[in-house]
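The values are calculated or read from the model by the stated rules, or taken from the named source; none is laboratory data. Small disclaimer: the values here were computed from a predicted structure and weren't measured. Every residue, glycine as well, gets a Cβ built from its backbone with ideal geometry; the counts of neighbours run over all protein chains shown.
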2 protein chains.
Amino acid sequence: MAAQLTTLTRTAQPFRGFIAASAARELSPAGTTLGARPVESDPLATVGTLRCVERDMAVFSEGDDADSVYRVVDGMIRLHKLLPDGRRQVVGFLQAGDMLGLSVGGLYIYTAEAVTTSSLRRIPRERLDSLMDEQPALARKLLTTMTTELVAAQDQMLLLGRKTAAEKLASFLIALGKRAAARTPGCRRVELPMSRTDIADYLGLTTETVSRGFTKLKTARLIRLLEGNRVELVDQDALADMAGCCCG
Amino acid sequence: MAAQLTTLTRTAQPFRGFIAASAARELSPAGTTLGARPVESDPLATVGTLRCVERDMAVFSEGDDADSVYRVVDGMIRLHKLLPDGRRQVVGFLQAGDMLGLSVGGLYIYTAEAVTTSSLRRIPRERLDSLMDEQPALARKLLTTMTTELVAAQDQMLLLGRKTAAEKLASFLIALGKRAAARTPGCRRVELPMSRTDIADYLGLTTETVSRGFTKLKTARLIRLLEGNRVELVDQDALADMAGCCCG
DNA sequence: CGCGTAGTTGATGAAAATCAAATGTGGTGG
DNA sequence: CCACCACATTTGATTTTCATCAACTACGCG
């Protein structure tokens, strides 16, 4: 069979995860970017109209005409796809800075809903196109964005196809932890605004299995469940081991 | 829970699949494209140096320095990721026209190997960058390419997370069928140059389960196994039904 | 305060993995 | 050309993991 390289890159991946892509990590509090020069700060920071979406309401649905792309300003957005009989796969949880709605063929290929009440910037497709005409750098930036998303998607494929329930859960928590640490360095706590069902549908499990998994991690003293849907990652190294490699 | 839209788009998706993206469907036999005008034919068709890769040899490996992108000219390439203990997830099967090697953070995030002896065009990263400088349209084209890949990746997540073994197999065959039909309209036969193990690792199954699945589909007269690793899709509609929606 | 929903825990079942063996198949060398 | 070998595939028996079914608990909200 195939050559099995064992030199895996444990720390190599600049984690971004969750089929989310942030075109601007270096987000300035409120953009002052106006120029058309090749600026490093995000050219999309202030573009588009603000839209608020209540908890559990849809931003758009699978199959809708994909007339706009969105960028999360605040809150959390969940992306999912459905099978005809209702089985659901959550393909991403998005947070501030992440983009959604890029599509091919003119239709959205997933449904986007607010996990928590969220605000987004809506950018009509034509607006995005004209922006890319004006600033060729934008297309390159979005290309990076999409590439990052694809990396996350492939990590998730590995998770869904080959990891056990415990490994999936550990991976999920580690990924959330890295996210949290990126915002608040050194932070060991992660927020879980999404329901057990959401987590289950993201990891290809059932709510019961997710719940049992949390209980087991708690019993093993790897995590602590705090009030307010928070989790403390007590032993991140053990979790990372359990996650099997580069998390994802 | 979330609003469950039942209006799924069965036929809506312009299938591309397999985490492969073809930047040029409209490939001319040998490009005569030299100008820097916004041409519609593929600006990458003749760029880069040709490289041949023997069966089961690696094009590059996960963790390698990502100094080049590649484009498949002929043959089939398999992309995979590994867990530390050797569990493998195949994240894509690529054919002529498909691109591989785009990465973030400077390292390849999967291993690329030849399923069959293949030829590829190698394009150094700097060359690609300078090409994008010269032709802003190229970045947009690649953006479409990546978006298409991402759609395929999300379909695969749905498959891996929520489909049964039979559904996975049916989805796989339907997807291959659409590919084959795109090349040879009306064709009901698909080639399976990859091994059962490859298919299993692509679908998140074992070889035994894949084999049993094929046997069952054969017994149900939905497919016929031909010599030379070919399969005839006898009842594509039944297969599509079994695949559950838009294939993927 | 009590209802409804979300989450946890327990018992059982089913799908697919694992273990094991038989059958094919392609390639090599006699 | 045929025999043989190595390996891929198929088939069968058993085990395991996780899903399903069911009940109970906790929490939020009117």
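Would you mind telling me which numbered condition in (1) more than 8 Å from chain A (Cβ to nearest Cβ); (2) modelled with pLDDT under 95 B:SER118 fails? Evaluating B:SER118 over (1) more than 8 Å from chain A (Cβ to nearest Cβ); (2) modelled with pLDDT under 95 leaves (2) as the failure. Just one of the listed residues (B:GLY228, B:GLY213) is within 16 Å of DNA strand D (Cβ to nearest atom), crowded, with 22+ Cβ neighbours inside 10 Å and farther than 20 Å from B:LEU94 by Cβ, namely B:GLY213. I'm trying to understand the selection: among the residues of region B:60-79, which are part of a strand (DSSP E or B) and touching a Ser or Thr at 6+ places or on another chain (Cβ under 8 Å)? Residues satisfying the conditions are B:PHE60, B:VAL72, B:VAL73, B:ASP74, B:ILE77, B:LEU79. Within region B:111-130, not a single residue is more than 16 Å from DNA strand D (Cβ to nearest atom), touching a helix residue (DSSP H, G or I) at 6+ places or on another chain (Cβ under 7 Å), without any contact (Cβ under 8 Å) to a residue 40 or more places away in the chain and at negative phi.
I'd like the full set of residues that are in a helix (DSSP H, G or I) and within 9 Å of DNA strand C (Cβ to nearest atom), limited to region A:214-238. A:PHE214, A:THR215, A:LYS216, A:LYS218, A:THR219, listed by residue number.
Total residues in region B:174-192 satisfying the condition of being within 13 Å of DNA strand D (Cβ to nearest atom) and either buried (at least 17 other Cβ atoms within 10 Å of the Cβ) or among the hydroxyl-bearing types (Ser, Thr, Tyr) (or both): the figure is 1.
Filter region B:187-200 for residues that are part of a helix (DSSP H, G or I) and under 14 Å from the mean Cα position of the chain (by Cα) and give the result.
The answer is B:ASP198, B:ILE199.
Against the conditions (1) at pLDDT below 95; (2) more than 14 Å from chain A (Cβ to nearest Cβ); (3) in contact with a Ser or Thr (Cβ under 9 Å, 6 or more places away or on another chain), B:VAL47 satisfies every one except (3). A single entry from A:SER195, A:SER171 fulfils the requirement of being hydroxyl-bearing (Ser, Thr, Tyr), within 11 Å of DNA strand C (Cβ to nearest atom), buried (at least 17 other Cβ atoms within 10 Å of the Cβ) and within 14 Å of chain B (Cβ to nearest Cβ): A:SER195. Residue under question is A:ALA152, and the condition is that it be within 16 Å of DNA strand D (Cβ to nearest atom), small (Gly, Ala, Ser) and within 14 Å of chain B (Cβ to nearest Cβ); does it hold? Answer is no for this residue.
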